[in-house]
Amino acid sequence: AQSVAQPEDQVNVAEGNPLTVKCTYSVSGNPYLFWYVQYPNRGLQFLLKYITGDNLVKGSYGFEAEFNKSQTSFHLKKPSALVSDSALYFCASRRDDKIIFGKGTRLHILP
Amino acid sequence: EAQVTQNPRYLITVTGKKLTVTCSQNMNHEYMSWYRQDPGLGLRQIYYSMNVEVTDKGDVPEGYKVSRKEKRNFPLILESPSPNQTSLYFCASSRGGLANTGELFFGEGSRLTVL
């Protein structure tokens, strides 16, 4: 079945350090991949997407993601973490007319 | 302001008492969808709609109904709620058809507790 997987339930990073939140995908054909963020007591917000083209995708709040076809990965990255980046992050893919989400990774940025 | 509005935001009810969670969007989006969020399970799609009068099942449709009589509204109906439907529910919308590249706009969520 086409899906995305987030292997880490939680990631802890010190403020100012680079961060990576991992996502792997399993989709046939050309993947449509996305990252969303959820702050406490809020709905999800779109961060970025990969449809085609450049493997490095830039998004909101200084985040970027690298599409790697050989490793079937779409990791979310940021060069320098902020405490305000602490949130729940979801990787997602499009499957036919549905958007399928991973289970989420909770990111803690330590001051 | 472009938004997806859900009501109620919080609800405690009892088993078997029918309830409706409303969802409305003001962006003229064709595509609308309902998700439930449960700890450790992420978001799972309940139902979605590609346009008015067109609805289809997601991955966990059992116990739910939807309707899409107007483009802006997509209510979620629980005819006979059970405790396993206690969850956080999200409505989302997106431009539909060939333009649907998956950028979803989410409501703020509706936390439902069924006793």
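Going down the table (A:LYS22/A:LYS69; A:LYS98/B:LYS65; A:LYS103/B:LYS17), which pairs top 23 Å between alpha carbons?
Table pairs above 23 Å Cα-Cα are A:LYS103/B:LYS17.
How high is the relative contact order of chain A, in percent, counting Cα pairs under 8 Å that sit 6 or more residues apart?
The value is 37 percent.
Measuring with a 1.4 Å probe in the full set of protein chains, what accessible area per residue, in whole Å², belongs to the range A:2-111?
48
Take every residue in peptide A:43-50, count the Cβ atoms of other chains within 10 Å of its Cβ, and give the average of those counts.
Averaged over the peptide's residues, the number is 5.
Relative contact order for the range B:7-115: what is it in percent, counting Cα pairs under 8 Å that are at least 6 residues apart?
36
On the full set of protein chains, 1.4 Å probe, figure out the accessible area of B:ARG9 and give it in Å² to the nearest 10.
The accessible area comes out at roughly 80 Å².
So how strong a dipole does chain B carry about its Cα centre when Lys and Arg Cβ are +1 and Asp and Glu Cβ are -1, to the nearest 20 debye?
280
Net charge near A:PRO7, counting Lys/Arg +1 and Asp/Glu -1 over other residues with Cβ under 12 Å of its Cβ?
0
Using DSSP to define loop residues, name the chymotrypsin sites (Phe, Trp or Tyr not before Pro) in the range A:22-107 whose beta-carbon has at most 10 other beta-carbon atoms within 10 Å.
none
Rolling a 1.4 angstrom probe over the protein heavy atoms, how many square angstrom per residue are accessible across chain B?
47
Work out the length of the dipole vector of the range A:61-106 about its Cα centre, built from +1 on the beta-carbon of each Lys and Arg and -1 on the beta-carbon of each Asp and Glu, and round it to the nearest 20 debye.
Dipole magnitude for the range A:61-106 comes out near 140 debye.
Only Cα pairs under 8 Å and at least 6 apart count here; give the relative contact order of the range A:45-107 as a rounded whole percent.
Result for the range A:45-107 is 19 percent.
Dipole magnitude of the range B:1-55 about its Cα centre, charges +1 at Lys/Arg Cβ and -1 at Asp/Glu Cβ only, in debye to the nearest 20?
Approximately 340 debye in magnitude.
Can you pull the mean other chain C-beta count within 10 Å for peptide B:39-47?
4
Excluding ligands and nucleic acids, what accessible area in Å² is computed for B:MET50 using a 1.4 Å probe, to the nearest 10?
50
When a/c is below 1.5 the answer is rounded, else prolate if a/b is larger than b/c, else oblate, so apply that to the range B:1-43 with a ≥ b ≥ c taken from the square roots of the Cα gyration tensor eigenvalues.
oblate
Roughly what % of Cα-Cα distances in chain B sit above 19 Å, to the whole percent?
Tail of the P(r) past 19 Å holds 40 percent of the pairs.
Please identify the trypsin sites (Lys or Arg not before Pro) of the range A:11-111 that satisfy two criteria: DSSP loop assignment and at most 12 other Cβ atoms within 10 Å. Which are they?
Sparse-neighbourhood loop trypsin sites (Lys or Arg not before Pro): A:LYS69.
Order A:9-15, B:60-66 from most to least packed using the mean count of other Cβ atoms within 10 Å.
B:60-66, A:9-15
Are there any residues in the range A:77-111 with a reduction of at least 30 Å² in accessible surface when going from the isolated chain to the assembly of protein chains? Probe 1.4 Å, please list them by number.
Buried-area filter returns A:ARG94, A:ASP97, A:LYS98, A:ILE99, A:PHE101, A:LYS103.
Would you list B:SER24, B:SER110 from the most to the least accessible area, probe 1.4 Å?
B:SER24, B:SER110
Select from A:VAL21, B:VAL21, B:TYR35 the residue farthest towards the positive end of the dipole of the protein assembly as shown; place +1 on Cβ of Lys and Arg, -1 on Cβ of Asp and Glu, and compute about the Cα centre.
B:VAL21
How large a share of the accessible area of the range B:20-83, in percent, is made up of carbon and sulfur atoms when the probe is 1.4 Å and the other protein chains stay in place?
That fraction is 49 percent.
The values are calculated or read from the model by the stated rules, or taken from the named source; none is laboratory data. This one's a predicted model, so the numbers in the text were calculated from it and none came from an experiment. We place every Cβ from the backbone using ideal geometry, glycine too, and count neighbours over all the protein chains shown. Areas reflect the complete protein model, heavy atoms only, side chains present, ligands, DNA and RNA absent. Shrake-Rupley method; radii C 1.70, N 1.55, O 1.52, S 1.80 Å.
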